[in-house]
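Just so you know, all these numbers are worked out from the coordinates, no wet-lab data involved. No experiment lies behind these values; they were computed from the predicted model shown. So basically every Cβ, Gly included, is an ideal-geometry build from the backbone, and we count neighbours across all protein chains shown.
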Amino acid sequence: MEIAIPLPSGRSITAADMVRGWIELWFRCCDAFQQWEKEALLSAKPSPEDSEKHRRQVTAFIRMGRFLEGLLEDPDFPLAEVLPRVQERLLQLTATREMLQDPMSEADFERLFKETFPGEPVPG
């Protein structure tokens, strides 16, 4: 049985309810951030300011997601069913951070392309 935490309003809330609220808020904020990311960075050449804003924000979202992941990985904590969704979103955030903040150099791209598609002309 989970312990209810009394609130000043006279109502009470469980730790699982609090974390569920944090998770829902994190997902909504991630959705809005990823929409901005798509519009400002993936659809056009980003400005240096937008690139820096992205770096700071995506890093913050990843940190928050890892915090939530740590809570959900505790075998005694309820809401384990949400863990795969949090982990999936963390993978998305990490992938776009790497793609946008540490893009592959032309030389690395050419080398990888030639290894993967030997004999094919390198596009570009």
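Data overview
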quantity	calculated
Calculated volume of the Cα convex hull per residue in Å³ (choose from (i) 114; (ii) 145; (iii) 169), label	(ii)
Label-to-label distance, nm, for residues given as S47 and I3 (7 Å Cα→Cβ offset)	5.1
Residues of type lysines that K53 reaches as a straight line, Cα spacing below 17 Å, ignoring anything fewer than 8 places off in the same chain	K38, K45
In sequence order, calculated HN-Hα J values of the stretch 110-124 (Karplus, 6.51, -1.76, 1.60; Hz; x Gly/Pro)	4, 4, 5, 4, 5, 5, 7, 10, x, x, 8, x, 6, x, x
